[in-house]
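Enquirer: Have a look at the structure that comes next, please.
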Amino acid sequence: EQDLDTSLVEMQKLLTSKNVSNDVADEICKGVKSKLVGKRMNSFHRVDTAVQQALQSSISKLLEPSQSSGKVVDVLRGVMTKRDSSTRLFSKDATHKKPYTIVMVGINGVGKSTSLAKIAYYLKSHGCSPLLAACDTFRSGAVEQLNVHAKCLDVPLYHKGYAKDPSAVAKAAIAQAQQDNHDVVLVDTAGRMQNNVPLMKALSKLVVENQPDLVLFVCEALVGNDGMDQLQMFNKALRSGGHSRQIDGIVLTKFDAVSDKVGAALTMTHTTGAPVVFVGTGQKYNHLKKLSVESVMASLFS
């Protein structure tokens, strides 16, 4: 135990310097300690190596994507599984296939629409048939912005213009996708500050009434632990709708600019149980990646 203390103190300093919150850093170190106490090591070098391996194991568990329901958050697999089960169920009437629905949420200006377009590109390039739903009926120019993405991606866009009930637009978009045989609907929502009560209520209503398969929270990786506050406020808003639905996963944008701040991702995942499903690493549609344990370890020890 004494042999580990020096390495663990250094590890805790390292984690907090990379934007991991003190509580989470402490918990990670305790996890590493519990794995290693009692094991025989031949040298200090072996201790350091064992500490890094145990840390990698702890981070793997932290980033392991599992929804609150216990399902794995794998967007592509989710779409394909629902499509295949619907095909078997309604093999005589293919138009009844209900699409997999993803709702994107987050505060203003974090890159929700761009992230939605990247996910649409990712799904389309893997054989899916996406439809985009313009449910930001609040911000001027939001529908037109999404329409630019839809044209670039050559995917259909469903919209009803502005000043409409976003939940009703989402419902109509899902029905349209079902009729036109699309297997996934990506729902864009209005960016809202987490303390904007009317818009938060509208978001909760959309989620309650449409029961999406996935609610993804989009956040800039650069905001660090402020993202934690945003995420908790969105979860609180979803709960206020009188149901237990929570955010299922996180999309971190501008991840290519945060090599020394990767710890915020660990903090958000650890505190909420919502995994980082994708990270945005640039401006192009293919600049979207899954967050790997290896890349997190490399950033932590860079």
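Enquirer: How about the stretch 141-152: which of its residues are touching a residue at least 12 places away in the same chain (Cβ under 8 Å) and either at positive phi or touching a strand residue (DSSP E or B) at 6+ places or on another chain (Cβ under 8 Å) (or both)?
Expert: Correct list: 142, 143, 146, 147, 149, 150.
Enquirer: Here's a follow-up. Got at least one residue in the stretch 188-199 being crowded, with 23+ Cβ neighbours inside 10 Å and within 13 Å of residue 101 (Cβ to Cβ)?
Expert: yes
Enquirer: I'd like to check which helices (runs of 4 or more DSSP H) are fully inside the stretch 74-180 and have at least 1 residues that are farther than 22 Å from residue 287 by Cβ and within 19 Å of the chain's Cα centre (by Cα).
Expert: Passing ranges, in order: 75-89.
Enquirer: Being closer than 17 Å to residue 99 by Cβ and touching a helix residue (DSSP H, G or I) at 6+ places or on another chain (Cβ under 8 Å) is the filter; apply it to the stretch 151-170 and report the residue that is most open to solvent (accessible area, probe 1.4 Å).
Expert: 159
Enquirer: Show the residue pairs meeting these rules: Cβ distance below 6 Å; 6+ apart or different chains; first residue within the stretch 120-132 and under 13 Å from residue 78 (Cβ atoms); second residue outside any helix (DSSP H, G or I) and open to solvent by 40 Å² or more (accessible area, probe 1.4 Å).
Expert: none
Enquirer: Suppose the filter is surrounded by 13 or more Cβ atoms within 10 Å (Cβ to Cβ), in contact with a Leu (Cβ under 9 Å, 6 or more places away or on another chain) and at pLDDT below 85; does residue 47 pass it?
Expert: So residue 47 passes the test.
Enquirer: Please tell me if residue 143 is of a type in the set (A, V, I, L, M, F, W, C) and open to solvent by 50 Å² or more (accessible area, probe 1.4 Å).
Expert: No; evaluated as a whole, the condition is false for this residue.
Enquirer: Looking at the structure I just gave you, is residue 173 in contact with a strand residue (DSSP E or B) (Cβ under 8 Å, 6 or more places away or on another chain) and farther than 23 Å from residue 233 by Cβ?
Expert: In short, yes.
Enquirer: Restricting the search to the stretch 1-25, which residues are under 25 Å from residue 255 (Cβ atoms) and of a type outside the set (A, V, I, L, M, F, W, C)?
Expert: 12, 13, 16, 17, 18, 19, 21, 22, 23
Enquirer: Here is a further query. Taking the stated definitions as given, is residue 300 under 17 Å from the mean Cα position of the chain (by Cα) and buried (at least 21 other Cβ atoms within 10 Å of the Cβ)?
Expert: Working: under 17 Å from the mean Cα position of the chain (by Cα): no; buried (at least 21 other Cβ atoms within 10 Å of the Cβ): yes.
So residue 300 does not fit the description; no.
Enquirer: Scanning for something at pLDDT 90 or above, among the small types (Gly, Ala, Ser) and surrounded by fewer than 18 Cβ atoms within 10 Å (Cβ to Cβ), does the stretch 251-262 turn up at least one residue?
Expert: no
The values are calculated or read from the model by the stated rules, or taken from the named source; none is laboratory data. Since the model is a prediction, treat every value here as computed from it, not as a measurement. Because the Cβ atoms are built from the backbone with ideal geometry, glycine has one as well, and the counts that use them run over all protein chains shown. Ligands, DNA and RNA are excluded from the accessible area calculation, which covers all protein heavy atoms including side chains. Shrake-Rupley method; radii C 1.70, N 1.55, O 1.52, S 1.80 Å.
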